[in-house]
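Enquirer: Have a look at the structure that comes next, please.
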Amino acid sequence: MSAPPVGRTAEQAPGIDEVLERVRAGYERVGAQEAYDAVQAGEALLVDIRYAALREHDGLIPGALVVERNELEWRLDPRGSHRLPEATSHDLRVVVVCDEGYASSLAAESLHRLGLRRATDLVGGFQAWRAAGLPVTARAVGTAAPGVPGRQPTPGGQ
């Protein structure tokens, strides 16, 4: 078990709600439609950090880059030796998507610490995206990921 922050007792350490509030105050979050429009205009990279079981159960966002949360910083740091080709610069607008918009806030803040100052996250996560009727594709076990030729999005849901 880790110790509370220096100078604080465990009772004085902030809870997760306070941490989220502080993190989210540092940048502007985006809604589902705004994220969709930015991606369609080529102005943002949508990054899905949900774990595999959720992606297989709920489906995928067509065109989203799937990066497991535990690899996010290594894959998106433009100076990193393990970066993805999409990690082109620190000016890249990244919209992080988790299931409901909590883990993605912490992930976006972590990307800020790497210098990705335009990183943000999707309010309400994948669930908000789907509820807004935006494109989602079902992914059967063993099929190729979105972006592979021949895969077509299913507008409005699975």
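Bear in mind these aren't lab numbers, they're just calculated from the coordinates by the rules spelled out. Here the structure is a predicted model, which is why all the values come from computation and not from measurement. Quick reminder, even Gly has a Cβ in these numbers, built from the backbone with ideal geometry, and neighbours come from all protein chains shown.
Enquirer: In sequence order, what are the phi-derived ³J(HN,Hα) couplings for segment 73-82 according to the Karplus relation 6.51 cos²θ - 1.76 cosθ + 1.60 with θ = phi - 60°, rounded to whole Hz, with x for glycine and proline?
Expert: Result, ordered by residue: 5, 5, 7, 10, 6, x, 9, x, 6, 10 Hz.
Enquirer: A follow-up question, please. For ASP48, enumerate residues with amide H under 5 Å from its amide H, sequence gap 5+ or separate chain, H modeled in the peptide plane.
Expert: The list, which skips near neighbours in sequence, is LEU65, VAL66, VAL67, VAL97.
Enquirer: Rounded to whole Å, give me the distance from the Cα center of segment 16-39 to that of segment 86-124.
Expert: 9 Å
Enquirer: What length, rounded to one decimal in nm, is gained on full extension from ALA52 through to THR88, with 0.36 nm per residue of separation minus their alpha-carbon distance? The partial results should precede the final answer.
Expert: On the way: separation 36, 0.36 × 36 = 12.96 nm, distance 2.54 nm.
Answer, rounded to one decimal: 10.4 nm.
Enquirer: What does the charge count around ALA131 come to, taking other residues whose C-beta lies under 15 Å from its C-beta (Lys +1, Arg +1, Asp -1, Glu -1)? Don't skip to the answer; put the middle values down first.
Expert: Working: positive: ARG130; negative: GLU34, ASP58, ASP99, GLU100.
Around ALA131, the charge tally is -3.
Enquirer: Using a cut-off of 13 Å between beta-carbons, work out the net charge of the residues near TYR27 (Lys and Arg +1, Asp and Glu -1, TYR27 not included). Show your work: numbers first, answer last.
Expert: Details: positive: ARG22, ARG24, ARG29, ARG93, ARG113, ARG117, ARG118; negative: GLU21, GLU28, GLU109, ASP121.
Surrounding charge for TYR27 is +3.
Enquirer: Find the Rg to Rh ratio for segment 30-142, where Rh is the Kirkwood radius over alpha-carbon pairs and Rg uses the same atoms.
Expert: Numbers: Rg = 13.0 Å, Rh = 13.8 Å.
Radius of gyration over Kirkwood radius for segment 30-142 works out to 0.94.
Enquirer: Net charge within 15 Å of ARG118 by Cβ-Cβ distance, Lys/Arg positive one each and Asp/Glu negative one each, not counting ARG118 itself?
Expert: On the way: positive: ARG29, ARG93, ARG113, ARG117; negative: GLU28, GLU34, GLU43, ASP77, GLU86, ASP91, GLU109, ASP121.
Surrounding charge for ARG118 is -4.
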